[in-house]
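Some notes on the structure that comes next.
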Amino acid sequence: PDLLHNPGMFCRPLLQRPQLVQQSFSLLRRSLQVTAMAQKRPKVFSQLNEFSEAKKSPGVLTTSHGHPVDSKTSVQTVGPRGPMLMQDFVYMDEMAHFDRERIPERVVHAKGAGAFGYFEVTHDITKYCKAKIFSEVGKRTPLAVRFSTVGGESGSADTARDPRGFAVKFYTEDGNWDLVGNNTPIFFIRDPFLFPSFIHTQKRNPRTHLKDPNMFWDFISLRPETTHQVSFLFSDRGTPD
């Protein structure tokens, strides 16, 4: 603390240039603040650290064919500064894999988040349903749940005005039971043939790569059956807490 508040104590040779000293310690204070902020960063940014801690043994790094990789940071060359050689299989395998690397996002419901948990029966409903998942009070079934927006891409905002979707996967003794839906009782269209055209209005214009409000309003103005859902969308249900 004394060093930060009185840098001249330890910088006597630089007292002739106090402005430079103050600037240096201002940068030091700022770097300490950044470090403190990094220690309080959200859990979502700790995924790599958590993965590293969970994998105590790094295992063996292999090529796409399963052959162990001797070095991931060097390439065979013609001499110390010569061109890289195509006979270096690890190098070629790495570049070939990268050139073809794709992580396709969902066409709809691309932006979302999920969690694992369990479903627990709290009331006896065996007179209504014979599924084993509901067979007795207190029975627990593992599940996965995911909540999402609908029209946005994977990098879109969570706060966008959009219906919200949910997907629940119950891992039951009889197999997996998938339950999906939206947070609205109706939808923009009923005819599935119109679904691709409607979703295209939610995506980016392929000519401009920008969201185009004209596409959306053009569609709903030509399809009067969308009015009911549009009234839901522009209520608070379109931007839920």
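From the list GLN16, GLN22, which one is modelled with pLDDT under 75, part of a loop (DSSP other than H, G, I, E, B) and either touching a Leu at 6+ places or on another chain (Cβ under 8 Å) or farther than 30 Å from ALA113 by Cβ (or both)? Spell out the reasoning first.
Working: GLN22 fails: part of a loop (DSSP other than H, G, I, E, B).
One residue alone meets the criteria, GLN16.
Please verify whether PHE187 is closer than 30 Å to LYS132 by Cβ and in contact (Cβ under 8 Å) with a residue 24 or more places away in the chain, treating the condition exactly as stated. First the steps, then the outcome.
Working: closer than 30 Å to LYS132 by Cβ: no; in contact (Cβ under 8 Å) with a residue 24 or more places away in the chain: yes.
No; evaluated as a whole, the condition is false for this residue.
Can you name the condition, by its number, that ALA115 falls short on among (1) in contact with a strand residue (DSSP E or B) (Cβ under 7 Å, 6 or more places away or on another chain); (2) over 30 Å from LEU179 (Cα atoms)?
(2)
Among the numbered criteria (1) surrounded by fewer than 10 Cβ atoms within 10 Å (Cβ to Cβ); (2) within 29 Å of the chain's Cα centre (by Cα), which one does THR63 miss?
The failed condition is (1).
Of the conditions (1) closer than 24 Å to ARG204 by Cα; (2) touching a His at 6+ places or on another chain (Cβ under 8 Å), ASN182 satisfies every one except a single condition; which number is it?
Evaluating ASN182 over (1) closer than 24 Å to ARG204 by Cα; (2) touching a His at 6+ places or on another chain (Cβ under 8 Å) leaves (2) as the failure.
Which condition number does LEU210 fail, the rest of (1) under 15 Å from PRO163 (Cβ atoms); (2) within 26 Å of the chain's Cα centre (by Cα) being met?
(1)
Under 6 Å between Cβ atoms, which residue pairs at least 6 apart in sequence (or on different chains) link something in the range 57-82 that is free of Cβ contacts under 8 Å to residues at least 12 places away in the same chain with a partner that is open to solvent by 80 Å² or more (accessible area, probe 1.4 Å) and in a loop (DSSP other than H, G, I, E, B)?
Once the first residue is free of Cβ contacts under 8 Å to residues at least 12 places away in the same chain and sits in the range 57-82, its partners that are open to solvent by 80 Å² or more (accessible area, probe 1.4 Å) and in a loop (DSSP other than H, G, I, E, B) give PRO68/VAL60.
Looking at the structure I just gave you, is MET95 of a type in the set (A, V, I, L, M, F, W, C), surrounded by 10 or more Cβ atoms within 10 Å (Cβ to Cβ) and under 30 Å from SER154 (Cβ atoms)? Show your work before the answer.
On the way: of a type in the set (A, V, I, L, M, F, W, C): yes; surrounded by 10 or more Cβ atoms within 10 Å (Cβ to Cβ): yes; under 30 Å from SER154 (Cβ atoms): yes.
When the stated conditions are applied, MET95 passes them.
Being part of a helix (DSSP H, G or I) and either acidic (Asp, Glu) or surrounded by 11 or more Cβ atoms within 10 Å (Cβ to Cβ) (or both) is the filter here; which residues of the range 192-216 pass it? Before you say what the answer is, go through the steps one by one.
Start the filter on the range 192-216 by keeping residues that are part of a helix (DSSP H, G or I), which leaves 192-202, 213-216.
LEU194, PHE195, SER197, PHE198, ILE199, HIS200, THR201, GLN202, MET215, PHE216, listed by residue number.
Sort out which residues of the range 134-191 are of a type in the set (Phe, Trp, Tyr) and either open to solvent by 50 Å² or more (accessible area, probe 1.4 Å) or out of contact with any strand residue (DSSP E or B) (no Cβ under 6 Å at 6 or more places or on another chain) (or both), and write them in order of number. Talk me through it step by step, then tell me what you get.
At the first step, the residues of the range 134-191 found to be of a type in the set (Phe, Trp, Tyr) are 134, 147, 166, 170-171, 177, 187-188.
Passing the criteria: PHE134, PHE147, PHE166, TYR171, TRP177, PHE187, PHE188.
Filter the range 108-130 down to the residues that are exposed (fewer than 14 other Cβ atoms within 10 Å of the Cβ) and assigned to a loop (DSSP other than H, G, I, E, B) and list them by number.
Listed by number, the residues that qualify are THR122, HIS123, ASP124, ILE125, THR126, LYS127, TYR128, CYS129, LYS130.
The values are calculated or read from the model by the stated rules, or taken from the named source; none is laboratory data. As the structure is a prediction and not an experimental result, all values here were calculated from the model. Don't worry about glycine lacking a Cβ; one is built from the backbone with ideal geometry, like all the others, and counts go over all protein chains shown. With ligands, DNA and RNA removed, areas are computed over all heavy atoms of the protein, side chains included. Shrake-Rupley method; radii C 1.70, N 1.55, O 1.52, S 1.80 Å.
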